[in-house]
Structure formats: C-alpha cells, structure tokens
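Since every read-out is calculated from the coordinates, none of them should be taken as a lab result. Remember, it's a predicted structure, so these values are computed and weren't measured experimentally. Cβ coordinates were reconstructed from backbone atoms using ideal geometry, including for glycine residues, and neighbour counts include every protein chain displayed.
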Amino acid sequence: MWAQDPVSERPQRTPEEEALTQTTRLVRELNITDSVRFDTIYRMHLKYARIRQKGLSRAENMSRLQSIYDELRLLLTPEEFERFMNHPAELPRRPHGAANVKAPSRPITPSEPQ
C-alpha cells in the first residue's frame, strides 16, 4: 500500500487564513507591536497568498518568494529584516542564489567526537 502525501491530506487554508498565520508568526518573531505595520504586512501576505492559490510553476513561485523578500525589505527595519532572514525556525529564508549553509544547532566542543 502506498503512503499518502501528508501535505495533500491537510485541509486547504484560505488566502486569508494563510496570510494571518504568516503575519502573526512574523510579528511575533520580530516583536512588532504596531497595528499599522501588522495590517500592512498582513495585506502584503494576503496579496501573495492569493497569487500562490492560482497554482504557480516552480519558477513563478520562486519569483513570488523573491517579491515577498523585496517587499519585506521595505516594510521592516534593516535589523528586523536581518533577523527575519537569519531566523533558523523558518529555513530556507535566503533568496534564490544566496548561500544556503545551515550552521550546527550548537557548537561542537573538543571533547565530542566529530
């Protein structure tokens, strides 16, 4: 018997649900408390969630992700954007073409075998 794809078993979220989840996670990670910025980021996520819902090719999806990064660069402070791009819980966060090397979760001490 073939195992079913767990992604296909999940109920589809609406663009509004997806945007709210992404926005809530982002503002929590970056400690953004300004409601105007929350609304602006939500509207940006909603726009791209609606585009994603159209069933994009891989190249179109990569372009969509790059557009999200470009808009976030304008909406966030430089420090917030840097934290967003380097946050380990949401990998991959690097735009296409950037080095995507994951650091070890903790430093290896000399007493540990490698």
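What is the distance, in nm, between label points placed 7 Å from the Cα along the Cα-to-Cβ direction at Thr24 and at Glu71?
2.0
Once you have the Cα-Cα distance between Asp39 and Arg83, take 0.36 nm times their residue separation minus that, and quote the gain in nm to one decimal.
Details: separation 44, 0.36 × 44 = 15.84 nm, distance 2.01 nm.
Difference between extended and current length: 13.8 nm.
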